[in-house]
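What follows is one structure encoded as structure tokens, with my remarks underneath.
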Amino acid sequence: MNSPNNVATRSRGQRRRQEIIESAIYLIQENGYQGVTLREVAKRINIRIGNLQYYFRTKQDLLLAIFEHQRSIHSDNFQQSILEASSKSAQLLMLIDRCLISIKNSNVQLWRLLVALAQHDEDAAKVLRKEQQHLHSQTSQTLMLIDDRFNHQHAEHLARCLWVLIDGLTLQLLDTQDLPDEVKAIEYEARVVLLDIINRAIEKIE
């Protein structure tokens with residue numbers, strides 16, 4: 001049985017870990033990954049570098065934890081909010097909008113960084129594969145809930161197709177994040193294209 005002291009210690013550790021992750025996200029977005037050190041992350045939250053390294057031994061360990069954190073945020077109420085829409089067409093549009101959040105998300109730099117690291121680092125590659133598998137699975141399951149004529153294989157293939165397009169947009173739009181009108185216009189066109197792809201897939205199974 002866990003004693004109250006052990007529970008309190010674990011809770012403090014979880015809060016500290018979360019604080020480190022949030023501090024690192026802020027600094028990476030401000031200065032870029034290469035411009036951030038563990039010492040700067042520790043300084044921002046007023047702890048010693050040794051205390052930070054108790055949680056994350058290297059900067060890369062911290063980056064991988066950031067993506068685990070981002071994935072958990074993205075998952076919250078994903079299906080529930082979509083299925084609460086009033087019609088099938090509204091649900092499909094909401095699904096697309098939830099997926100397209102990534103192209104205007106302030107964390108797009110982190111995603112591009114993970115893709116780059118995955119080319120030569122197996123730990124980063126594992127995180128990237130896990131992230132992609134999660135997004136594909138979540139999207140395919142939602143498609144089957146929206147329209148029960150989709151079988152698992154069909155929905156999985158469609159989800160992978162959608163995310164290939166969205167990932168490409170995310171990486172291409174990194175340099176336009178300071179041009180909100182351009183991002184908004186591209187987002188609109190992307191919604192039209194993605195909805196057309198889904199509707200054509202539905203027509204084939206009717």
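The values are calculated or read from the model by the stated rules, or taken from the named source; none is laboratory data. This structure is a prediction, so every number in the text was calculated from the model and none was measured. Cβ coordinates were reconstructed from backbone atoms using ideal geometry, including for glycine residues, and neighbour counts include every protein chain displayed.
Quick rundown of the values:
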| read-out | value |
| --- | --- |
| D148 vs. criteria farther than 22 Å from F67 by Cβ and either outside the structural domain of L110 (by TED's automatic domain parsing) or not in a helix (DSSP H, G or I) (or both) | yes |
| Pair list, Cβ under 8 Å, 6 or more apart: the stretch 132-145 residue more than 16 Å from A201 (Cα to Cα), other residue crowded, with 22+ Cβ neighbours inside 10 Å and at pLDDT 90 or above | L135/A159; H136/A159; S137/A159 |
| Candidate set from the stretch 24-42 (those that are over 16 Å from R57 (Cα atoms) and part of a helix (DSSP H, G or I)); member that is modelled with the lowest pLDDT | Q29 |
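Yes/no matrix, rows are residues, columns are (1) over 20 Å from L113 (Cβ atoms); (2) modelled with pLDDT of 90 or more:
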residue	(1), (2)
N2	yes, no
D61	no, no
A85	yes, no
S89	yes, yes
